[in-house]
Amino acid sequence: MTLIASEPVGGDREIPEVPLALGLAGLVPFIGLSLIIALQPGAAEGVDVPAALTGYGAVILSFLGGAHWGLALRHPARGTRNLLYVIAVAPPLWSWLGLMAGGAAGLGLLSFGLAAHGALDAARATRFAAPRWYPRLRILLATLATISTTAAAVVVAHAG
């Protein structure tokens, strides 16, 4: 039997351990780099910590766009599939703007992108055939990544 993306597989209400663990591990650079920016700006000698956080945030936001591309590939409804393709390319383009802006502005752009993408996933992901647990995971991860990135943007803006 071939499954399509809109068919739930087993009990898909609980967040599986592996995506939860990997998602939480993915927060380490957000939180760690933000703490370095806020508490120990000189601790990472030779490393542009705000640029490192901007780069990491851009990679993650682009990855999230890729998740929507993956949902589009197997979605049975053509209109939804086309919408998902469009949604999928927005995060990498937004991330690129954040990288080009750099500094507090770049971190602010990424923070907005992470929040917006998290809100979209929370509100609409199950309509796009994602598992029922996906919106809860995205709310958790997007909230913590957004708070970290926003705090770093504020500190960088006030330091500059």
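Return a yes/no flag: does segment 114-134 have any residue that is closer than 19 Å to LEU20 by Cα, touching a residue at least 12 places away in the same chain (Cβ under 8 Å) and aromatic (Phe, Trp, Tyr).
Among the residues of segment 114-134, at least one is closer than 19 Å to LEU20 by Cα, touching a residue at least 12 places away in the same chain (Cβ under 8 Å) and aromatic (Phe, Trp, Tyr), which makes the answer yes.
ARG132 versus (1) part of a helix (DSSP H, G or I); (2) of a type outside the set (Gly, Ala, Ser); (3) surrounded by fewer than 19 Cβ atoms within 10 Å (Cβ to Cβ): which is the lone unmet condition?
With (1) part of a helix (DSSP H, G or I); (2) of a type outside the set (Gly, Ala, Ser); (3) surrounded by fewer than 19 Cβ atoms within 10 Å (Cβ to Cβ) applied to ARG132, the lone miss is (1).
Being surrounded by fewer than 13 Cβ atoms within 10 Å (Cβ to Cβ), under 14 Å from the mean Cα position of the chain (by Cα) and within 20 Å of VAL155 (Cβ to Cβ), is that true of even one residue in segment 13-28?
Yes: segment 13-28 contains one or more residues that are surrounded by fewer than 13 Cβ atoms within 10 Å (Cβ to Cβ), under 14 Å from the mean Cα position of the chain (by Cα) and within 20 Å of VAL155 (Cβ to Cβ).
Of LEU71, LEU53, LEU33, which residue is surrounded by 18 or more Cβ atoms within 10 Å (Cβ to Cβ), part of a helix (DSSP H, G or I), modelled with pLDDT under 95 and touching a Leu at 6+ places or on another chain (Cβ under 6 Å)?
On the way: LEU53 fails: modelled with pLDDT under 95; LEU33 fails: modelled with pLDDT under 95.
Of LEU71, LEU53, LEU33, the one residue that is surrounded by 18 or more Cβ atoms within 10 Å (Cβ to Cβ), part of a helix (DSSP H, G or I), modelled with pLDDT under 95 and touching a Leu at 6+ places or on another chain (Cβ under 6 Å) is LEU71.
When you check LEU110 against the structure, is it out of contact with any Pro (no Cβ under 6 Å at 6 or more places or on another chain) and either in contact (Cβ under 8 Å) with a residue 40 or more places away in the chain or hydroxyl-bearing (Ser, Thr, Tyr) (or both), yes or no?
Working: out of contact with any Pro (no Cβ under 6 Å at 6 or more places or on another chain): yes; either in contact (Cβ under 8 Å) with a residue 40 or more places away in the chain or hydroxyl-bearing (Ser, Thr, Tyr) (or both): yes.
So LEU110 passes the test.
Among the candidates ALA123, ALA157, which residue alone is farther than 22 Å from LEU24 by Cβ, among the small types (Gly, Ala, Ser), at pLDDT below 95 and in a helix (DSSP H, G or I)? Walk me through it before giving the result.
Numbers: ALA157 fails: at pLDDT below 95.
ALA123 is the lone residue from the list that is farther than 22 Å from LEU24 by Cβ, among the small types (Gly, Ala, Ser), at pLDDT below 95 and in a helix (DSSP H, G or I).
The values are calculated or read from the model by the stated rules, or taken from the named source; none is laboratory data. Owing to the predicted nature of the structure, the values given are computational and were not obtained by experimental measurement. Glycine gets a Cβ as well: all are built from the backbone with ideal geometry, and neighbour counts include every protein chain shown.
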